[in-house]
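Each remark here refers to the structure printed beneath this line.
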Amino acid sequence: MCFVSDDRMVSVLCQHVYKVLIIVVLALVLIEFTFSVLNETHYATPFLTPNYTSPFMPSSMMYLNLTASQKLGDNSTTAIAQFCPVIPPNLQGPLKIYKEAFSLDVLQDKLKSLELELGGTHRPQNCIALFRVAIIVPYRDRVHHLHLFLYNIHPMLVRQQLDYTIFIVEQEEGQTFNRASLFNVGFVEANKIREFDCFIFHDVDLIPEDDRNLYTCPGMPRHMSVAVDSLNYKLPYASIFGGVCALSKEHFQKVNGFSNEYWGWGGEDDDMSMRLKLNGLNIIRYPPDIAKYTMLKHRKEKANPQRYEKLYSGNKRYKKDGLNSLQYRVVDAKQEKLFTWFLVQLGAVS
Ligand code: UDP
Ligand code: MN
């Protein structure tokens, strides 16, 4: 009709019909392209399927290949275990922080419904956790903080569907506190108990304010206590790595753990930050509205006057000062209901 008509109006209409046809064809091509991309995206998360190994997979996920075909519960069941979702479904976001302290007995009773295993362990019942996490807490003489820490953190970790254990590493009386060495001891002792792929090094007085702050180890070391109330929820400086931090087993070993040479307050966290840098590892962080903490009140500890000196020479020392030079003696150990406890003496074993 368009080719034979002389009518001007009809010819104008015809021109538009061609344009409409071209637009429709382009739209169809676009829809087809979009769907094929979506399909590819769907297949681009193979690390959650059994027997897949990728060099880009976070090391903490490697174990999935070993456990993917495991059966859940007792061996007679035929159900094949499913991995837990990457984003746990029951997170609450901002949390109410409990500051009323209870005795350990009352605390155990209050947390009974979580069904923790002896030693402060929990793993999800209906899916395989994506991460096996050891939470290492250096500790001495802060029992009030310890109870509040346990009371607040256990329910959150259960909701995060982790396979985790809390380790309290207590330093014996009589020697200057050494936070970094206690972390090293926690790492070594936890690995003797079972396989962990992710380590969270955690001050006892820092209480997470949001459960979207996942206690997991992504591909790079993560500084977790980004926004702390006592620091006006602001990061004091870019390389800070104190308070709470997460490192994969592989990365912790690569940097030879923490230095053992920081006795008293300060320096050991900056030393670790330097170790990461020297090994080409970048610090990553969650946004400050999620990686939020309340610090329980305490008096300021006496700073170590040698901390700057140690820090300046840290780069020359780190290969022989750390996990490979750690000396300690386990004085006592116990699996409590809410945590695994070690009492240790640091330094040369006499
Ligand atoms: N810590 C402890 N007892 C002490 C000193 C330190 O348990 O006498 C542990 C505790 O886990 C604490 C962490 O070491 O949260 C860091 O010490 P502190 O809280 O004094 O450091 P700051 O708050 O100044 O970073
Ligand atoms: Mn503190």
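The values are calculated or read from the model by the stated rules, or taken from the named source; none is laboratory data. Computed from a prediction, not measured in an experiment: that's the story for all the values here. Backbone-built Cβ (ideal geometry, glycine too); neighbour counts: all protein chains shown. Accessible surface areas use protein heavy atoms only, side chains included; no ligands, DNA or RNA. Shrake-Rupley method; radii C 1.70, N 1.55, O 1.52, S 1.80 Å.
Placing dummy labels 7 Å off each Cα toward the beta-carbon, the span from LYS316 to ALA333 is 3.7 nm.
A cut-off under 13 angstrom between Cβ atoms defines the neighbours of LEU130, and their net charge, with Lys, Arg +1 and Asp, Glu -1, is 0. Judged by the ratio a/c of the largest to the smallest principal axis of the C-alpha gyration tensor, the stretch 93-231 counts as rounded, that ratio being less than 1.5. Ligands, DNA and RNA excluded, the heavy atoms of LEU130 present near 10 Å² of accessible surface to a 1.4 Å solvent probe.
Rolling a 1.4 Å probe over the heavy atoms of the protein chains gives the stretch 224-321 an accessible area of 53 Å² per residue. Taking the average, over residues, of other Cβ atoms within 10 Å as the packing measure, peptides 155-165, 99-109, 318-328 rank 155-165, 318-328, 99-109 from highest down.
Let me check something: with ligands and nucleic acids excluded, how do PHE339, PHE83 order by accessible area (1.4 Å probe), largest to smallest? Let's see the in-between values first.
Working: PHE339 10, PHE83 40 Å².
Most to least solvent-accessible, the answer reads PHE83, PHE339.
For an R0 of 35 angstrom, estimate the FRET efficiency from the Cβ-Cβ distance between LYS254 and LEU231 and round to the nearest 0.05. The calculated FRET efficiency here is 0.75. Each Lys or Arg adds one and each Asp or Glu subtracts one; over the other residues with Cβ under 12 Å from the Cβ of VAL228, this totals -2. Between the beta carbons of LEU114 and VAL349, assuming R0 = 35 Å, the FRET efficiency works out to 0.40 to the nearest 0.05. Label sites at SER103 and ALA303, each approximated as a point 7 angstrom past Cα along Cα to Cβ, lie 4.1 nm apart. Once you've got the Cα coordinates, tell me which of LYS96/LYS249; LYS192/LYS337; LYS277/LYS297; LYS234/LYS297 are over 24 Å apart. Beyond 24 Å: LYS96/LYS249; LYS277/LYS297.
Using a 1.4 angstrom probe on heavy atoms only, work out the carbon and sulfur share of the accessible area of the stretch 142-219 in %.
Values: 1020 of 1920 Å².
Result for the stretch 142-219: 53 percent of the exposed heavy-atom area is carbon or sulfur.
Counting Lys and Arg as +1 and Asp and Glu as -1 over every other residue whose Cβ lies under 12 Å from the Cβ of TYR308, the net charge comes to -1.
Would you please name the GluC sites (Glu not before Pro) within the stretch 242-320 that are DSSP coil residues with at most 14 other C-beta atoms within 10 Å of their C-beta?
Details: sites: GLU250, GLU261, GLU268, GLU301, GLU309; in loops: GLU261, GLU301.
Within the stretch 242-320, the qualifying GluC sites (Glu not before Pro) (loop, at most 14 other Cβ atoms within 10 Å) are GLU301.
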